[in-house]
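Values quoted throughout were computed directly from the atomic coordinates according to the rules given, and no laboratory measurement underlies them. The shown structure was predicted, so the numbers you read here are calculated from the model rather than taken from an experiment.
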Amino acid sequence: MALTLDYPDAYLARFCTDEREARAYADVDLLNTGNPFSTQWRDTLARLRCYIIACIENQAAPDDLFTSKLKSYRSEFDSAYGQAVAAADAAADSPNSALFFAIPIERA
C-alpha cells in the first residue's frame, strides 16, 4: 500500500510509513468529535500527526533533531487543530448547511 499524503519535510518523509500514516488518520478521526473536518484539514492534521509519531518513535536523546522537530510539529499541530475546528464549525453554520431555514419577509 502506498502513502496517501505527500510529506514535504525531506528529513522526516522517509520515516512516514503506511502504518504511521494510518495511525495518524485514526488519531485525527478520534479528535474530530464535533462537526466533520474538511478533507483538506483532515489531511493536514494527519500529515502533522504522522510527523509527530515519527519523531516520538525515533528520538534517541533529549537534544537530537527529532526532539527539535517534535516540538515544532506539536506546536504546528495545535495551531492547525484549532483552525480546523473553527473551519468545521463555520462550515456547519454556513447558509449552505442542511440546518439553515429561510423565513420569508413580507411588507405590510
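Brief remarks on what is shown
- You can think of it this way: the chain between Ile56 and Ala22 has 10.7 nm of extra reach, that is 0.36 nm per residue less the Cα-Cα gap.
- Over the chain, Cα pairs under 8 Å with separation of 6+ residues give a relative contact order of 25 percent.
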